[in-house]
Amino acid sequence: MTARPRALPLDATLFEAARIMRDHGIGDVLVTFSGRLCGLVTDRDIVIRGVAENRDAAHTPLSDVCTAQPVTLGP
């Protein structure tokens, strides 16, 4: 678990998510739409759904690679 999870909007790019993961030493970023959680993108998503599919990280939005509709629970 990440003590201070990071979030980006659905239209942010793979590049932005990768930089946040690198800068904060984490492996996932929450994805939001209108301030509400709508998905999750992991370092594996970036590699498998982005890099391996030859997508341009600077122009591919998180909406193209994130796992949508995550199931959440309280502590």
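All of the numbers you see were taken from the coordinates with simple rules; none came from a lab. Keep in mind that what you see is a predicted model, and the values were worked out from it rather than measured.
Derived scalar couplings between HN and Hα for the range 2-12 equal 9, 4, 10, x, 10, 9, 9, x, 3, 8, 5 Hz in order, rounded to whole Hz, by the Karplus curve 6.51 cos²θ - 1.76 cosθ + 1.60 (θ = phi - 60°), x for Gly and Pro. Would you pull out the residues with amide H under 5 Å of L37's amide H, same chain only if 5 or more places away, H placed 1.01 Å from N? Those qualifying (amide H under 5 Å, at least 5 residues apart or on another chain) number zero. Our estimate of slack between A58 and R36, defined as 0.36 nm per intervening residue step minus the Cα-Cα distance, is 5.5 nm.
The slack in the chain from A7 to T67, taken as 0.36 nm per residue of separation less the alpha-carbon distance, amounts to 20.2 nm. Our helix-only sum for the chain, with -39,500 (n - 2.57) per DSSP H run of n ≥ 4 divided by its residues, gives a mean residue ellipticity at 222 nm of -4500 deg cm²/dmol. Seen against the Cα atoms of the chain and their longest principal axis, helix 14-24 is set at about 50 degrees. Amide H contacts of A12: L62, each under 5 Å away and 5 or more positions distant or on a separate chain (H built 1.01 Å from N in the peptide plane; Pro and chain starts excluded).
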